[in-house]
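Here the structure is laid out as structure tokens; the discussion comes afterwards.
Read the figures in this text as sums done on the coordinates, not as results from a lab. Note that this is a predicted model, so its numbers are computed, not measured. We place every Cβ from the backbone using ideal geometry, glycine too, and count neighbours over all the protein chains shown.
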Amino acid sequence: METTLELDSTILGVSVVAEGLNVPWDIVWGSDGHLWVTEQSGTVSRINVTTGEKKVLLNIKEVWRKRTSGLLGMALHPDLEQHPYVFVNYTTKVGPDSVIVSRLVRYTFQKDTLANAKLLLQIDGGTSHNGSRMAFTPDGKLLWATGDVQKKGYAQDSTVLNGKILRLNIDGSIPKDNPIPNSYVVAWGFRNMQGLAVAPSGMVYTSEHGEALEDEVNIIKPLQNYGWPEIEGRHDTPVEKAIAARHQRTQPLRSWTPTIAPAGIDFYASDSIPEWTNSILLSTLKGKSLRVLTLSHDGTIVTSEEVHLENQYGRLRDICVSPTGDIYVSTSNRDWNPSPGFPVERDDRILRIGKIKTEKRPIGYVRKPKPQQQDAVSGSALFTQHCAACHKEDGQGVPGTFPPLQGAEQVTGDKNQLAKIILKGLSGPITVKGQRYDQAMPSFGFLTDAEIASIATYVRSSWGNGASGISENEIKSNR
């Protein structure tokens with residue numbers, strides 16, 4: 001047993017089911033009683049959760065992996081015995097120009113292998129923002145959550161299948177009862193969905209990455225527009241309110257600023273862990289935690305939120321629930337953007353969380369809630385909240401993707417240049433310390449002048465940069 005979690009009347013144990021994996025992107029409980037897993041490098045496997053035995057069923061040679069592309073989402077037909085179909089989504093390159101595409105492919109499960117590949121749908125792909133999650137609805141239709149591949153026009157374009165929730169028959173055809181005739185599209189206006197779950201009631205939930213603020217969990221309804229890129233998260237700025245007043249837009253069920261990078265989700269309907277019954281279980285990457293979002297009876301309101309396993313296992317990529325109520329979580333510490341201190345020797349792992357004891361509490365017992373973090377005010381804390389996921393705590397960035405801040409001329413040089421970068425963001429190529437980068441940086445103009453001044457002063461004075469601070473008035477003059 002790795003560790004334990006103490007709830008109101010239940011004690012949960014956390015143990016390791018599998019280890020040494022190559023970024024287990026999607027984990028799914030199969031009707032065959034096994035845990036199925038995709039690894040970003042291209043393999044699909046079954047794991048016997050009792051013995052830990054792993055059986056590789058397929059290695060997709062054409063998978064192209066860079067950053068968050070590769071072998072990603074997976075869905076199993078709910079009745080594998082009658083319909084032995086496994087659906088996977090992966091990126092690959094096609095044609096003489098090596099165009100990146102995202103493919104939805106159906107395989108047939110037979111004799112411990114996956115065979116008879118059938119391409120159901122192909123859309124634009126990219127090195128990031130591919131979305132990828134899939135899930136079955138109670139009526140036997142397949143949902144596919146796609147990303148906008150960092151092309152902001154895609155999410156609002158009804159003729160493009162990126163940035164959408166798509167609904168398909170299991171043979172890849174368009175269901176006749178889809179809300180838009182002869183279209184796969186159910187809902188639109190999404191940036192980069194990372195989780196998709198269907199409750200027993202049929203209600204559909206997604207998790208989604210925001211840009212610099214407002215990560216989201218949404219309830220998906222047909223013909224609804226979720227706003228990206230004109231609106232991010234809740235309608236809480238004058239511009240967003242004006243857009244929503246002119247054009248109907250749907251607000252999230254829950255949003256987070258600072259961002260937590262929500263990843264895989266599942267709905268917990270079991271009574272095995274009664275404290276979590278009727279909740280959304282959410283794994284997080286930047287947040288490095290398991291979050292439990294307790295819902296109202298009708299599933300339309302988040303009534304409470306708990307944070308567990310924070311910083312214990314690193315980045316958490318996906319989550320699923322077995323019929324007995326055990327919870328399985330995959331880590332993502334060997335991906336393109338590991339947290340400080342990870343990966344550890346046994347990464348990546350799949351963890352099992354299950355009840356090991358029920359305690360009878362004395363009358364009047366009240367479990368002490370986890371202390372709430374105080375609002376961060378220091379430049380160091382603000383940097384950790386908003387910047388460290390990309391530029392890292394040591395200011396070194398991610399080679400080839402996110403530039404370093406240590407010794408960067410844009411940091412140590414003209415104060416006004418740095419202020420404008422933080423306020424307005426960046427797009428297009430930039431050269432830092434002689435190396436070219438082409439990864440967009442969002443605007444952090446939603447922060448106050450004082451907060452931006454604190455961050456700017458921190459990065460200019462840290463890691464040996466030795467530059468002078470920036471005042472609140474200097475930020476204000478550049479806003």
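Does segment 1-104 classify as rounded, prolate or oblate by the C-alpha gyration tensor (a ≥ b ≥ c root eigenvalues; a/c under 1.5 gives rounded; else a/b over b/c gives prolate, otherwise oblate)?
prolate
Cross-link partners among aspartates and glutamates for LYS420, C-alpha distance below 16 Å, same-chain residues fewer than 8 apart left out?
GLU409, ASP449, GLU451, GLU472, GLU474
With respect to the cross-link table entries LYS93/LYS118; LYS54/LYS392; LYS164/LYS355; LYS151/LYS424; LYS66/LYS151, which display a Cα-Cα separation exceeding 26 Å? Don't skip to the end; give the middle numbers.
Numbers: LYS93/LYS118 17 Å; LYS54/LYS392 34 Å; LYS164/LYS355 37 Å; LYS151/LYS424 18 Å; LYS66/LYS151 18 Å.
Long pairs (Cα-Cα over 26 Å): LYS54/LYS392; LYS164/LYS355.
Taking R0 as 41 Å, what's the FRET efficiency between GLU310 and GLN110 from their Cβ-Cβ distance, rounded to 0.05?
Step by step, r from the Cβ atoms, then E = 0.45.
Any idea what angle helix 415-424 forms with the longest principal axis of the chain, computed on alpha-carbon atoms, 0 to 90 degrees, nearest 10?
30
Which order, highest average first, do 237-245, 19-27 follow once you tally other Cβ atoms within 10 Å for each residue and take the mean per peptide?
19-27, 237-245
Mind checking the dipole of the chain: about its Cα centre, +1 per Lys or Arg Cβ, -1 per Asp or Glu Cβ, Debye to the nearest 20?
Roughly 560 debye for the chain.
If you take every residue apart from VAL99 with its C-beta less than 10 Å away from the C-beta of VAL99, what net charge results, scoring Lys and Arg +1 and Asp and Glu -1?
-1
With only Lys, Arg, Asp and Glu charged, each at its Cβ (+1 for the first two, -1 for the last two), find how big the charge dipole of segment 379-478 is about the Cα centre; round to the nearest 20 debye.
180
Evaluate the distance, in nm, between pseudo-label points positioned 7 Å from the Cα of THR277 and of ASP79 along their respective Cα→Cβ axes.
Computed distance between label sites THR277 and ASP79 equals 2.8 nm.
Mind checking the angle between helix 449-461 and the chain's longest principal axis? C-alpha axes, 0 to 90 degrees, to the nearest 10.
On a 0 to 90 degree scale, this one is about 80.
Which residues in segment 425-454 place their backbone N less than 18 Å from a point set 7 Å from the Cα of LYS241 along the Cα-to-Cβ direction?
446-447
By how many nm would the segment from VAL101 to LYS357 lengthen if fully extended, with 0.36 nm per residue of separation less the alpha-carbon distance?
On the way: separation 256, 0.36 × 256 = 92.16 nm, distance 4.79 nm.
Length gained between VAL101 and LYS357: 87.4 nm.
Would you mind computing, in nm to one decimal, how far apart the modelled labels at SER380 and THR431 are, each placed 7 Å from Cα along Cα→Cβ?
For the pair SER380/THR431, the computed spacing is 3.6 nm.
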